[in-house]
Amino acid sequence: MTTTNQLRLVPLALIAAVSAAPFVLMFAPLGIVPLIWGCGILMTVDRRVRQRFSSVGLPGYALFFAAFGLIGAATAFLAPEPLHSLGVAARLVLTPLLLMIYLAASDTLDRDERNKLLTAAVVASVCHVVLVGLAGGVDGPLLQLTHHLSPKNLDDDKVRFNRGIAALSVLASPYIAVWCRCQDRKRLVLVIAFAAALIFAMLGVSSMAPKLALAAAISGGVLAWLGGKRGVWVIFAILLLLATILPFLLKAVYSTQWMQETLTHYMSWNIKHRLIVWQFAIERYFDQPWLGWGLEASRRLPGGSDNIPNVAGAEYMPLHPHNGFLQIWLELGVPGALALVGGLTALALRLTHRFARHPFWLALATAACCAYFAQSFVSYGVWQNWWIALAILAASLFSTAFRAAEECRAERQPS
């Protein structure tokens, strides 16, 4: 195979991943894992990707992410299912390498290939917004159509679409970055129209978590844009504080008479269930506070599969605590919390260094992080394959858009 033919694999693989992602995330969200991994492995066939891979460098935040896997492997003997924990640990250690492959592949694109990829991303972003708009709400037309074609539990369809909706809250900033890659004033109206359509679609969904993520993204982006580095560090100071004291804070809150009365009063069942799950997770964490229960042990905690009294089918621990920070404390204990603090610090340093002279891009990158953390704080398991693959897709899109923006700026500068 010639070098020219080899190079064509990279843009084709990236375009395939980006173009298929909205449909996979909406209709078969777990399929994003083989899509991202498959395209990543395919791109390693390219010699230039392998060469660039060795020089791209492992981002500090990704290094700390791999630390979760190493800690999980070292403490696997504590887990109810040690072999399962070791398997998850191996995947976590390999995940940063997949991110490096995507970043290296993005760097090997020439201008024409990059423009084709970003054009595909623009089309994909529109498709994703349209799909969320059709699936949103209790009686969304897409939800009703899929239920009519394949009758089953309507709640299962809602859960499936909820993942695709959550993905849009995370990909919102990278999508906008793709639209704004050259910050062309002529396209400003289109960018505003797309952003408005995205917000309108998100406000129409029935789930609260994506709305919370979108609100966090907008708030964090505005603070980063207006405050620059200081604004970013304010956001990450809050995250670092929560990462450091969360179990102790929640224990103190749950011990108050006010919280006990709140749990007995009527409220949205989804919110009440979250609060009960967090309370159970805190109780179990303090049973083994130093090293935790082991990686992915949440799904096998003693008493976790017991049903909550007077509520049929609702367990105290449905697979994971639905809070990423709390899950890390619960499963990996103090070592995991230290890795979390280190990873957050490295990510903040990366953002403030990489985009120090680009406030608009700093705001978009910070907004994406805020959306991801906000969603992780109330919904998905921190080690879930599809959730991690989504982060890699978002980082790859953003990196490609930023490189295109740098090329546009270079062309505008007088020679």
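Since every read-out is calculated from the coordinates, none of them should be taken as a lab result. Owing to the predicted nature of the structure, the values given are computational and were not obtained by experimental measurement. Cβ coordinates were reconstructed from backbone atoms using ideal geometry, including for glycine residues, and neighbour counts include every protein chain displayed.
Some observations on this one:
- Positive dipole terminus of region 285-367, leading residue within Phe286, Leu349, His320 (C-beta point charges): Leu349
- Relative contact order, percent, the chain [alpha-carbon distance under 8 Å, six or more residues apart]: 25 percent
- Computed P(r) (all Cα pairs; region 205-298; 10 Å bins; percent): 13, 30, 35, 21, 1
- Counting 0.36 nm for each residue step from Met208 to Ser55 and taking away their Cα separation leaves a gain of 50.9 nm.
- Unit charges on C-beta of K, R, D, E only; dipole of region 198-355, Debye: 620 debye
- Spacing of the two label points (7 Å from each Cα toward its C-beta) at His358 and Lys116, in nm: 2.3 nm
- Compared with the dominant Cα axis of the chain, that is its longest principal axis, helix 47-56 is turned about 60°.
- Assigned charges on the beta-carbon of Lys, Arg, Asp, Glu; the chain dipole about Cα centre (debye): 1240 debye
- Available extension along the chain between Gln288 and Leu226 is 18.0 nm, counting 0.36 nm per residue and deducting the alpha carbon span.
- Using the rule -39500 (n - 2.57) for each DSSP H run of four or more residues, divided by the residues of the chain, the 222 nm mean residue ellipticity is -26500 deg cm²/dmol.
- Computed over region 321-415: relative contact order in percent, which uses C-alpha pairs under 8 Å that are six or more apart: 37 percent
- Nearest-ten-degree value, helix 208-254 long axis tilted from longest Cα axis of the chain: 20 degrees
- Per-residue Karplus couplings for region 280-292, computed as 6.51 cos²θ - 1.76 cosθ + 1.60 with θ equal to phi - 60°, are listed in order as 4, 4, 5, 4, 6, 4, 6, 6, 9, x, 7, 10, x Hz, Gly and Pro entered as x.
- For Thr108, neighbours were defined as the other residues whose beta-carbon sits under 15 Å from its Cβ, and their charges (Lys and Arg +1, Asp and Glu -1) total +3.
- Relative to one another, the C-alpha centroids of region 338-415 and region 205-273 are positioned 20 Å apart.
- Average 1/r across all pairs of distinct alpha carbons in region 35-124, invert it, and you get the Kirkwood radius: 14.8 Å.
- In region 314-384, trypsin sites (Lys or Arg not before Pro) in a DSSP loop with at most 12 other beta-carbon atoms within 10 Å: Arg357
- Residues whose amide H comes within less than 5 Å of that of Glu315, counting only those at least five positions distant or on another chain, are Ile308 (H built at 1.01 Å from N in the peptide plane).
- Charge dipole of the chain about the Cα centre (unit charges at C-beta), most positive-ward option of Ala201, Ala224, Phe402: Phe402
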